[in-house]
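Just so it is clear, none of the values below were taken in a lab; they were calculated from the coordinates. For clarity, every value in this text was computed on a predicted model and none was experimentally measured.
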């Protein structure tokens, strides 16, 4: 009989948040009260063994409309998570065994952080009505993964 493998607990905390890029562009047209914006997001996950950190980077582009033709804003953030027991998840040189659900949770926390940053950065601007949508992070990650040929 197979005994289910018990997952190691992960001891972590939010360590730092950096806005590495924030540029807002004047739209070509007037933003209407109920304007539908377009969005694109790219997530990056970086493992820093020396500092026992996982860094989540999110690159976001905000478009005037869902057609994604005219960029009116770009914001990139890096969210640093300190992992107390990072060494428990090292499997080899540049190979880490953190559970996928844990990484997705960190990306979700980071995306929610980005949502607040966008509200703060766009306050008192032409783009003040932008609120990032609620997204399925796992779905976006799956679209980013390279397809096997």
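Please tell me the relative contact order of the chain in percent, rounded to the nearest whole number, where contacts are Cα pairs under 8 Å and at least six residues apart. Show your work: numbers first, answer last.
Details: 214 pairs, mean separation 35.9, N = 149.
24 percent.
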Matching label, mean projected area of the Cα convex hull in nm² computed from the structure shown, candidates [x] 8.3; [y] 10.5; [z] 12.4:
[z]
Hey, what number do you get for the chain at 222 nm if only DSSP H runs of n ≥ 4 count, each worth -39500 (n - 2.57), divided across all residues, to the nearest 500?
-7000 deg cm²/dmol
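Answer rounded, prolate or oblate for segment 46-118, using the Cα gyration tensor with square roots of eigenvalues a ≥ b ≥ c: rounded when a/c is under 1.5, else prolate when a/b is larger than b/c, else oblate.
Working: a/c = 2.89, a/b = 2.66, b/c = 1.09.
In terms of gyration-tensor shape, prolate.
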